[in-house]
Amino acid sequence: GYDFNKTFSLEAMYGGLRSNLTQGNGKIDFRFLRLDGLYHLSAVEKWKPFIIGGLGNLAIKGRSPATSTNNSTQLNLGLGVKRALTENVDFRLDARGLYDHDESAKDVMINAGLAFLFPIQRTSSAPSDTDMDGVVDAKDQCPNTARGTSIDAMGCALPQDSDNDGIFDNADQCPNTA
């Protein structure tokens, strides 16, 4: 899963089961793929309630002539709660209503388990440019260039001659005279 922020996260799930039934209709394989969104409500101490909903696919495939194959789209919506056991482990419980779009069937699913959280250190994708002169701080030899100043490749102000008298402004004793 991926946490976009403290309120919303997205998770994908894939699983399956290969049965070896010897009675009934024979051997059957189950596969599911699901994408769920979680909306986390206000946490109460270590308890974190959430609303969950998503879209998935369930494939049931028979491995004998007597069994059939079924592939269906499922929608789910439900409520759940997480409780932090440690910094990186949560207990999770949720109940969902399932609607099988292809079969117009309804069902209920209850999940309980442990969620192991793997912290990901997020880094800024863009290097910083504190004085906003277009030269990243790591290469900026003049880190406090005034905004709007013409600069060289090192981030330093280019010499200016505002009055076009051939003497740069920083050395011009008679500014604004040609």
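The values are calculated or read from the model by the stated rules, or taken from the named source; none is laboratory data. In this text the structure is predicted, and so the values were computed from the model without any measurement. Cβ: placed from backbone, ideal geometry, glycine included. Neighbour counts: every protein chain shown. SASA here: full protein model, heavy atoms, side chains in, ligands and nucleic acids out. Shrake-Rupley method; radii C 1.70, N 1.55, O 1.52, S 1.80 Å.
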| request: Can you work out which of the residues in the stretch 31-67 that are closer than 18 Å to Gly16 by Cβ, modelled with pLDDT of 85 or more and among the basic types (Lys, Arg) is most open to solvent (accessible area, probe 1.4 Å)? | output: Arg31
| request: Search the stretch 71-92 for residues that are free of Cβ contacts under 8 Å to residues at least 12 places away in the same chain and pair each with any residue that is assigned to a strand (DSSP E or B) when their beta-carbon atoms are under 6 Å apart and the residues are at least 6 apart or on different chains. | output: none
| task | Can you tell me which residue among Ser104, Ser72 is open to solvent by less than 70 Å² (accessible area, probe 1.4 Å) and more than 18 Å from Phe8 (Cα to Cα)? | result | Ser72
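This table checks each residue for (1) of a type in the set (D, E, K, R); (2) closer than 27 Å to Glu45 by Cβ.
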| position | (1), (2) |
| --- | --- |
| Arg96 | yes, yes |
| Asp152 | yes, no |
| Cys156 | no, no |
| Asp165 | yes, no |
| From the set of residues in the stretch 101-116 that are assigned to a strand (DSSP E or B) and among the small types (Gly, Ala, Ser), which is modelled with the highest pLDDT? | Ala112
